[in-house]
Amino acid sequence: MHVEFGLLIFTTGFCSCSNIDDVDKTMNEINEQTENMKQIQEALSAPIGAATDFDEVRDSFLFSSPSEAAQKVQNDNDGLAELQREMAL
């Protein structure tokens, strides 16, 4: 596809390329700009800051029953106690 696009640019006079090196240079610049645009789009579409944290917090509080919530609290307390013991060493 890149070769066809390069030939299209060369034959339509889109750029004033006079040899194959100019075409390659132009194609490399186009590919680089395309990659830059993709990175920008990915960065803009990714959730940031509070949005990501909010989803995690919300999911951690969704339980199907009170006993499930109690088990989660107990697991968190056990994990905290274990961490405190490790830090005391």
Qualifying position, being open to solvent by 80 Å² or more (accessible area, probe 1.4 Å) and modelled with pLDDT under 70, among LEU8, LEU62 | LEU8
Screening ASN75, ASN36 for residues that are within 31 Å of the chain's Cα centre (by Cα) and either of a type in the set (Val, Ile, Thr) or modelled with pLDDT of 80 or more (or both) leaves only ASN36
Does GLY13 fit the bill of being modelled with pLDDT under 70, surrounded by 11 or more Cβ atoms within 10 Å (Cβ to Cβ) and among the small types (Gly, Ala, Ser)?
-> no
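The values are calculated or read from the model by the stated rules, or taken from the named source; none is laboratory data. Source: prediction; values computed, not measured. A quick note on method: Cβ atoms are made from the backbone with ideal geometry, for glycine too, and the neighbour counts reach across all protein chains shown. Ligands, DNA and RNA are stripped out before the accessible areas are found, and what is left, the full protein with its side chains, is counted by its heavy atoms. Shrake-Rupley method; radii C 1.70, N 1.55, O 1.52, S 1.80 Å.
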